[in-house]
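Here is the structure we will look at.
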Ligand code: DMJ
């Protein structure tokens, strides 16, 4: 397909039974850019500047790929902080995340087609030879079927697609004889046993060597899989079938998709997040467009584009209508229950949904794409990266960021559709942030916590497969790429599959098309997409006019629900009962609680919100004793502030959130455990002392190093191999006595992070660090700075010696725990718990309506979004037949039982593996 755009179809109905190629091209045409780039709004970007940014992307890729090849290959991934390869089994397990690692040089395979897109043909040729020479697909490792499909099978097929393209051009890859395709086929056959279920849905995991059934397989007992896991196979499997002529792959992937379609909730047309692979029952009945479902929708639309099969478009359109009706609350996308789609299932969004605006561009629905993208961009501007999850009032819910590419993907597609240079500026910001905050001497490190700027020893393969492709393509002109990118479709991992596959072996797809769709019901087809050629030149301010009202949506947002309080005051009605005000001994409160399940959909909504708040409140109260993580940043040569380690706080000593950071050179204390008076005070004087955990209280260590003149302390865990990547945040408790005498800041590092500092001392002798609550900006100045002296302005106080020996107390940060599991179970949320939850925190209690009102008016100006959301939820009727909010007053037990399903969903969402 050429980029000339405006070709047949876009903006006009497509003729029925169009030739396959035309059908595929038609959907893809929705991406055609407004070639005459307009300049209203954001200033246009010159060709030179675009080239400069493109070159910067190339340099960044070299840094990431070069370090992987030098320090990690043939391991699956690079660990950029410790500068070595991640080999499964040799590192502490990270749970499901490790299921992507199959000892098959994952990053190399995932990077193959990126090399060609970035014009690194020579390196591509070299990389293909390495894959053929070194990669073994027959390892005794249990891997995720989904990840192996999108990253490895997709990577091999993307590599093959571009290898044959290059071979045909006549210069490179002349020796190539479909070897990557043969490997892909071998891998395809290895994955097939996963489909041996009555439903046809695949098992979530498989042993590459032993499959599922054999006892050695160590898998095959799972009963559930995620919808995306079962519904994101068709592109790779169909491509494999069409490239090789072996129809079985496409057949299996279609069968799984057919089953999911059959199981959709028929009244809402939504699907849940997880499904039982044997019974087909929905295990998790919440539904959104992010984690667990995302690429199922993506593959329905893209399967239509690639395979030209109308049934996929019809399914996609049906789901899309449901998404826009229930989940989309522009600019938000909020999960709902499949049976009660008018009720939100969460108060937060996850980062994976950032791909959705890009998919909406492909669909041709530009307006909500612009809106959601703008909202996400504002969240990014606030935190430098998109946190894994953030609340509807844009607070960080889960602070990690593993360098996900979804937002860059949507930025690219929006630029293609609108030609608006604003999106180039967005891309420039992404590049700057990556270099400023994620770049480390040995690659790019995931953010452990976007609030502190601390790193995780992790560089996922999708960073190379996707991020660099989308960023490079964003700034590239047609002549910067050696082939026509419009001839390909991107898989969910951004691997390239050629559109000509739609005309290859097409009889197979006819044979397998679900019979339900042989007679098409045209009324359910949305064949059109906006023609960007017409749309934007006529109204150059179109995209900007959509963004404008959302300009301050993040900064000015209010916690949801406040507006309702204000409105009820205005109307003289009583405000709804809030969880923080609830007292189980108050008869009036109990009466209101009963009514929440009884009278109207507004009461029902109050009831749900109440329960949700109860859950949040109870976990918040558990968090009250918790301090946020801190950062240890290595600022001396050659790190220059680029390495930021996640550190645990101390409940005593200088509070780094209230004081200037402490900067100083590090020195090991003697004795290393710091449990007695130091024998090397001259070495630690004016420095930050390193002490080993164990044998005495943390407070005692602090006093000993303080007495020796240290200006701060870092306690390093003595449990070998421990790491902040795998352990929850650790907090150092005091000794149960008055610790006011401890004036210096104390931080805790797990053994792996600690050894990064110890290794640095071994190599560079003089190592200077910053202890702070949040990593400080590292700019070129930092690198040019003279090596500062160890003297600094931080606290260097002596204190009276105190000796108090008792046990160390380990505290675990509940927030980190919560990321992997919610503490309260629905069954255990009894009225007694509610009672406790409400009475624990008097500071939270605010039953004075006047005070509530005051809070409201303080935030009064930022009401638009909430108003919209509120109006929507108040005016729409819940049409679900399963809704049990009847007219009759229900007893409290039955109300609680009724809420069980919803609470279960909240709980499951908290357990999300993103
Ligand atoms: C990638 O592996 C794919 O994009 C997948 O569909 C979802 N998540 C990661 C990147 O975030």
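Annotations
- Shape category assigned to region 150-271 from the gyration tensor of Cα positions, a/c cut at 1.5: oblate
- Protection proxy ranking of 745-756, 264-275 - average other beta-carbon atoms within 10 Å, highest first: 745-756, 264-275
- Panel order for 730, 259, by other beta carbons found within 10 Å of each beta carbon, from fewest to most: 259, 730.
- Packing-based exposure ordering (other Cβ within 10 Å, fewest first) of 455, 383: 383, 455
- Distance from region 484-498 to region 277-312 (C-alpha centre basis), Å: 19 Å
- Likely footprinting exposure, 214, 167, 687, 185, fewest C-beta neighbours within 10 Å first: 214, 167, 185, 687
- In this label model, residue 43 and residue 174 are separated by 4.9 nm, measuring between points 7 Å along each Cα→Cβ vector.
- Taking 0.36 nm per residue of separation and subtracting the current Cα-Cα distance, fully stretching the chain between residue 122 and residue 324 would add 68.2 nm.
- Annotation for region 416-448 versus region 164-241: alpha-carbon center distance of 32 Å.
- Residue 759 paired with residue 503, simple spin-label distance in nm, labels 7 Å along Cα-to-beta-carbon: 5.3 nm
Here, each number is a calculation from the coordinates, and none is a lab measurement. Small disclaimer: the values here were computed from a predicted structure and weren't measured. So basically every Cβ, Gly included, is an ideal-geometry build from the backbone, and we count neighbours across all protein chains shown.
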